[in-house]
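Beneath this line is the structure, given in structure tokens, with notes to follow.
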Amino acid sequence: MKNRLKVLRAERNWSQAELADQLEVSRQSVNAIETGKYDPSLPLAFRIARVFAMPIEQIFSDEAEVSA
Amino acid sequence: MTCETDDLGPKAKQATRAYVRSMAIAAVIYIAVVFGAVTLIRHMPFHLPQWAVIIVALTPVIPALMMLRTYMTYLRSMDELHRRIQTEAWLVSAGAVGVGSFTYSFLEEWAHFPRIDLVWIFPALIFVWGLATYYVRRRYK
């Protein structure tokens, strides 16, 4: 699964730690999601969407769908 | 074993402190219980009846269960990534120690390798879990 977390975070000038605080997760989790090493659960994906005030599908996209 | 506190999330410091404190208390109780049990069973001038020996021999399980409960509480305080890391590390540990002890039992039985007590299974699980946690965590960095 691909995501635009890093770009969206940079647009808001947030550090990984700041975003992690808002999401109530570790900084390592934010980093792992940004680098694609970890796909968040659906509840966490919804939290991320709420923090960025965007629909989930504008943040996350299915890799298979992207490459098709 | 604890994780790096700064990297665990906002609630991590408080949770880690509670974990370390509870583990330390359970460890002190464990040492006291084992010391008491050994004294009662091996060094007393009188012989305990078999049922009493069984009860005394089972007492170290109480602090061990306390440690397990403390760990489960700590696990639930982690975020989902760290819970996954822990789960994967336990799976590696269970697999390695399970297959290792299974294999060694054949060597013990048929190739007359030195006998190893069952009591070492639990420390082996914890040791391998500690190593596995380190390596699994690196995969998500």
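The values are calculated or read from the model by the stated rules, or taken from the named source; none is laboratory data. Quick caveat: nothing in here was measured; it's all calculated off a predicted structure. Virtual Cβ from ideal backbone geometry, glycine too; neighbours counted across all protein chains shown.
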Condition met for residue A:46 (more than 9 Å from chain B (Cβ to nearest Cβ), hydrophobic (A, V, I, L, M, F, W, C), closer than 19 Å to residue B:84 by Cβ and touching a strand residue (DSSP E or B) at 6+ places or on another chain (Cβ under 6 Å)): no
Selected residue [out of contact with any Gly (no Cβ under 6 Å at 6 or more places or on another chain), more than 14 Å from chain A (Cβ to nearest Cβ), aliphatic (A, V, I, L, M) and more than 30 Å from residue A:36 (Cα to Cα)] from B:131, B:91, B:125: B:125
Residue match in the range B:16-23 (condition: under 22 Å from residue A:25 (Cβ atoms), at pLDDT below 95 and within 14 Å of chain A (Cβ to nearest Cβ)): yes
Per-region count, the range B:104-121, residues surrounded by 10 or more Cβ atoms within 10 Å (Cβ to Cβ) and touching a helix residue (DSSP H, G or I) at 6+ places or on another chain (Cβ under 8 Å): 3
Within the range A:14-32, tally of residues that are on the phi < 0 side of the Ramachandran plot and either facing chain B (nearest Cβ under 8 Å) or of a type in the set (Phe, Trp, Tyr) (or both): 10
Residue ID - nearest to the chain's Cα centre (by Cα), chosen from residues in the range A:19-39 that are small (Gly, Ala, Ser) and surrounded by 24 or more Cβ atoms within 10 Å (Cβ to Cβ): A:29
